[in-house]
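In what follows, a single structure is set out as structure tokens and then discussed.
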Amino acid sequence: MKPIQLRSNFIEVDFKDADGTVAFTIRFDRKDENIERLLNFEKEFEELNKDFNEETATLGEKKTYVKTVVDSFLEPGSFEKLYTSNPSLEIVMVYLFQIIIGIKEELEAEDLKALENKYLK
């Protein structure tokens, strides 16, 4: 029997600079609990958000909060990569939402491909 190629457990998200060169990559570990958390992102986000008051928070507290949110959904250190490339908490959160939408789309595409392979071949 031929050896079975191990699949990567990570979905990689590349960030490109203005020249189109990959500046850095962020990875999402697709272990079961992370996928479940991702699919329940709104609920998870509300849970993280319940003790945070944006109106009274200092910039340092906001930065700590956004770091906690980003690094809890992606690999540790993701916040630093994003914030270093663009030091705006608002933009970092936009990136996070874009990443989550993209990962959900990729997971759905994989599910669809698996169904096609199972039933249409």
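Remark: C-alpha extents of the chain on the principal axes read 60, 37, 23 Å, sorted largest to smallest.
Loop-resident trypsin sites (Lys or Arg not before Pro) (DSSP state other than H, G, I, E or B) in the range 1-61 with no more than 14 further Cβ atoms inside 10 Å of their Cβ: R7, K31, K50.
For the range 26-66, applying the loop criterion from DSSP together with a ceiling of 15 other beta carbons within 10 Å to the GluC sites (Glu not before Pro) yields E54, E55. Give me the angle, in degrees from 0 to 90, between the Cα long axis of helix 89-119 and the longest principal axis of the Cα atoms of the chain, rounded to the nearest 10. Its long axis makes an angle of about 10 degrees.
Look at where the Cα atoms of the range 57-114 and of the range 28-56 average out, and the two centres are 11 Å apart. Under the criterion of Cα pairs below 8 Å and six or more residues apart, the relative contact order for the chain equals 19 percent.
No lab work stands behind these numbers, since they all come straight from the coordinates. Note that the structure is a prediction, hence the values are computed from the model and not measured. So basically every Cβ, Gly included, is an ideal-geometry build from the backbone, and we count neighbours across all protein chains shown.
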